[in-house]
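One structure below.
The values are calculated or read from the model by the stated rules, or taken from the named source; none is laboratory data. Quick caveat: nothing in here was measured; it's all calculated off a predicted structure. Positions of Cβ are generated from backbone atoms using ideal geometry, with glycine treated the same way; all protein chains shown enter the neighbour counts. Quick note on the areas: whole protein, heavy atoms, side chains included, nothing else; ligands and nucleic acids left out. Shrake-Rupley method; radii C 1.70, N 1.55, O 1.52, S 1.80 Å.
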Amino acid sequence: MRLGVNVPNFGPGTGPGILRQWARTVEGLGFDLLMVSDHVVITPDVGEQYPAPFYEPFTTLAWLAGVTERVRLGTTVLIVPYRNPLLVARMAANLDDLSGGRLVLGTGVGWAREEFAALGVPFERRGAITDEYLQTIRAAWEHTADYRADRIPFWIGGNSDAALRRAVRLGDAWHPLRFTLPWLRDALERLNAVADEHGRPVPAFQPRILLRLTPAPVTGPDRRAGEGTLDQVADDLEQLRLLGADTVLLDPFNGDPDETLRPNDAWRDLAAVAALDIAGS
């Protein structure tokens, strides 16, 4: 099982130099994948959680492709309704080509109603628009030879039943975000049922989990995967491996934008997880 890192591309501590340090740290620790998030307009509902500066994902990943050599690069998640799908197809294919085939395109429908309004995109139709645009992107890759993007995997993000259906119909993998393990086991049963219903193979399972190391164990039914002592996190990763996860993305951002001013805290926790040698277990 491979491990990746969700790198904060937002907040008061974020800038070109820190992003470069993040990328080199992630690659240097041996992680397989580096992903960043997506917002276009920092409306009040976005800025409350993810304040400016917020670096646009394709631009950021192009920059990071030039300062790394091995690590895969991706979005967790690109908000599909925000951009013309033919533009996304072109940018993704070019980024994949320029990075040597390292792109993973994680996608989602979005949640920030004010940002949708600012972009002139109908919030209530975001699911239908996402489905249409994903099909358009795939068709552009398949019918335009110079895109050279047949190898770019689609990860379908989201924890809703609609996301499960979208992953089965349109994705290469399902990419659930921050969850408890009991919830996940139930969701994987639903994913299998949806695949059977549509007569399609079950998509791969590539989750994103919290990374919050604590000195004492975290207990209770609301404990999310990746939260607790290093032993608890190691056990969570083993459980995810047994459930079929091929890649697990670690998200060290715990909700306070000022964390971006202290990246060494996250790097310390990531180094502790990297030392577990999960990939070799």
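Which ones in the stretch 124-143 are at pLDDT 95 or above and of a type outside the set (S, T, N, Q)?
Selection gives Glu124, Arg125, Arg126, Gly127, Ala128, Ile129, Asp131, Glu132, Tyr133, Leu134, Ile137.
Taking the criterion of being under 27 Å from Ala204 (Cβ atoms), modelled with pLDDT of 95 or more and either surrounded by fewer than 23 Cβ atoms within 10 Å (Cβ to Cβ) or not hydroxyl-bearing (Ser, Thr, Tyr) (or both), would at least one residue in the stretch 37-44 satisfy it? Steps first, please.
Filtering the stretch 37-44 for residues under 27 Å from Ala204 (Cβ atoms) gives 37-39.
Restricting the remaining residues to those that are modelled with pLDDT of 95 or more gives 37-39.
Now narrow it down to the ones that are either surrounded by fewer than 23 Cβ atoms within 10 Å (Cβ to Cβ) or not hydroxyl-bearing (Ser, Thr, Tyr) (or both): 38-39.
Scanning the stretch 37-44 turns up at least one residue that is under 27 Å from Ala204 (Cβ atoms), modelled with pLDDT of 95 or more and either surrounded by fewer than 23 Cβ atoms within 10 Å (Cβ to Cβ) or not hydroxyl-bearing (Ser, Thr, Tyr) (or both).
Among Arg83, Arg102, which is touching a strand residue (DSSP E or B) at 6+ places or on another chain (Cβ under 9 Å), under 21 Å from Ile156 (Cα atoms), free of Cβ contacts under 8 Å to residues at least 60 places away in the same chain and of a type outside the set (Val, Ile, Thr)?
Arg102
Name the single residue, out of those in the stretch 186-209 being under 21 Å from Leu250 (Cα atoms) and touching a Leu at 6+ places or on another chain (Cβ under 8 Å), that is surrounded by the most Cβ atoms within 10 Å (Cβ to Cβ).
Gln206
Only one of Arg208, Arg224, Arg262 is in contact with a strand residue (DSSP E or B) (Cβ under 7 Å, 6 or more places away or on another chain) and touching a residue at least 60 places away in the same chain (Cβ under 8 Å); which?
Numbers: Arg224 fails: touching a residue at least 60 places away in the same chain (Cβ under 8 Å); Arg262 fails: in contact with a strand residue (DSSP E or B) (Cβ under 7 Å, 6 or more places away or on another chain).
Testing whether each residue is in contact with a strand residue (DSSP E or B) (Cβ under 7 Å, 6 or more places away or on another chain) and touching a residue at least 60 places away in the same chain (Cβ under 8 Å) leaves just Arg208.
For the stretch 219-248, how many residues are in a loop (DSSP other than H, G, I, E, B) and surrounded by 15 or more Cβ atoms within 10 Å (Cβ to Cβ)?
The initial filter retains those residues of the stretch 219-248 that are in a loop (DSSP other than H, G, I, E, B), namely 219-226, 229, 243-246.
Imposing the further condition that a residue be surrounded by 15 or more Cβ atoms within 10 Å (Cβ to Cβ) reduces the set to 223-226, 245.
Here the count works out to 5.
Kindly check whether there is at least one residue in the stretch 70-79 that is touching a residue at least 24 places away in the same chain (Cβ under 8 Å), open to solvent by 60 Å² or more (accessible area, probe 1.4 Å) and more than 19 Å from Arg2 (Cα to Cα).
The answer is no; no qualifying residue exists.
May I ask you to list pairs of residues, at least six apart or on different chains, whose Cβ atoms are under 9 Å apart, with the first in the stretch 4-22 being surrounded by fewer than 17 Cβ atoms within 10 Å (Cβ to Cβ) and the second being at pLDDT below 95 and in a strand (DSSP E or B)?
none
State whether the residues of the stretch 164-185 include one that is open to solvent by less than 60 Å² (accessible area, probe 1.4 Å), among the polar types (S, T, N, Q) and either within 23 Å of Gly30 (Cα to Cα) or out of contact with any Ser or Thr (no Cβ under 9 Å at 6 or more places or on another chain) (or both).
Yes.
For the condition touching a residue at least 12 places away in the same chain (Cβ under 8 Å) and over 26 Å from Leu73 (Cβ atoms), what is the one hit in Pro217, Pro203?
Result: Pro217 is the single residue among Pro217, Pro203 that is touching a residue at least 12 places away in the same chain (Cβ under 8 Å) and over 26 Å from Leu73 (Cβ atoms).
Can you name every one of the strands (runs of 3 or more DSSP E) wholly within the stretch 1-104 that holds 2 or more residues which are more than 28 Å from Leu276 (Cα to Cα)?
72-79
I need the full set of residues from the stretch 144-154 which are open to solvent by 50 Å² or more (accessible area, probe 1.4 Å) and either modelled with pLDDT of 90 or more or within 23 Å of the chain's Cα centre (by Cα) (or both), in order please.
Arg148, Asp150, Arg151
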